[in-house]
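Participant: This is the structure I have questions about; it appears just below.
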Amino acid sequence: MENTVSELTIPPVRLEGRLDEGLSRGLWLVKWLLAIPHYVVLAFLFVAFFGVTLVAFFAILFTGRYPRGLFDFNVGVLRWAWRVGYYSYGALGTDRYPPFSLAAHESYPATLEIDYPERLSNGLVVVKWLLIFPHALILGVLLGSTTSYANGTVVVRNPGFISVLVLIAAVGLLFTGRYLAGLFDLVLGLNRWVFRVVAYLFLMTDAYPPFRLDQGGVEPRPAAPAAPAAPAA
């Protein structure tokens, strides 16, 4: 009889975070200020990110390939954004200041890896924006939204579920010095969902993001196949 294996496979988009011990009770109050240099750099990087995605769109449409240099750049931008979010108000999971770098830093407690696809569907690239619509509704809840009226004086803000959870974590840190483990696991799972959708929408994978909340700081791993039973004597 064949061994059974878990249906879970290693996902092409892997987001992880290690919760630091001894987080500061009050540093989160000024992280918005400390992170400003990163926000400025990321604003320029995301302009380039969208331009690179446009170039990649035509490359995939006509060749079925995402140019490796462009892919690595866009992965680096998302990796940088995740580190800044993990440090600041995307998770508040570390007090270690994030590096100014597109490269992977395994020693940093927040990591993001996206497998390079050797081939991508020429036709799928045209309709991914439409296929992702069900996820977009969920992301609207997770990330919130901002609406400005034409006169620019009225703004309607919905903070988003992730922001609300991180605020609860921040208040907990302020008064207890602890980050609730269950809350951290949920925040990481929701961020993982967001980045899986972003990677798909921006053409970096053809693997449709699952409607699944994989909680915890570590990506779920497939179960090892069971060892074959020893033959009877």
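Participant: Which of ALA43, LEU15, VAL75 sits farthest toward the positive end of the charge dipole of the range 13-201, with +1 on the Cβ of Lys and Arg and -1 on the Cβ of Asp and Glu?
Facilitator: About the Cα centre, the residue reaching furthest to the positive side is ALA43.
Participant: As an exercise, use a Förster radius of 45 Å and the Cβ-Cβ distance of LEU61 and TRP32 to find the FRET efficiency, rounded to the nearest 0.05.
Facilitator: 0.65
Participant: Nearest 0.05, what FRET efficiency do ALA48 and TYR97 give at R0 = 22 Å with Cβ-Cβ as r?
Facilitator: In this case the efficiency is close to 0.45.
Participant: Out of ARG14, ARG96, ARG192, any idea which swings most in a Gaussian network model of the chain, alpha carbons joined below 10 Å?
Facilitator: ARG96
Participant: Starting from the alpha-carbon convex hull of the chain, give the projected area averaged over all orientations, in nm².
Facilitator: Working: hull surface 71.1 nm².
Directional mean of the projected Cα hull area for the chain stands at 17.8 nm².
Participant: Between LEU213 and GLU113, what's the calculated FRET efficiency when r is the beta-carbon distance and R0 is 25 Å? Round to 0.05.
Facilitator: 0.80
Participant: Another one. Exposure proxy check: THR205, THR176 ranked by fewest other beta carbons within 10 Å?
Facilitator: Arranged by neighbour count, lowest to highest, THR205, THR176 become THR176, THR205.
Participant: For the chain, modelled as a Gaussian network with Cα springs under 10 Å, which listed residue fluctuates most, ARG221, ARG79, ARG18?
Facilitator: The residue that fluctuates most here is ARG221.
Participant: So if each residue of separation counts as 0.36 nm, and I subtract the Cα-Cα distance between LEU137 and THR9, what length gain in nm does that give? Before the final figure, lay out each step's value.
Facilitator: Working: separation 128, 0.36 × 128 = 46.08 nm, distance 2.57 nm.
Using 0.36 nm per residue and subtracting the Cα-Cα distance, I get 43.5 nm.
Each reported figure results from applying straightforward, stated rules to the coordinates on display, with no laboratory input. Bear in mind the structure is a predicted one, so any value in this text is a computation, not a measurement. Here Cβ is always computed from backbone atoms with ideal geometry, including for glycine, and neighbour counts include all displayed protein chains.
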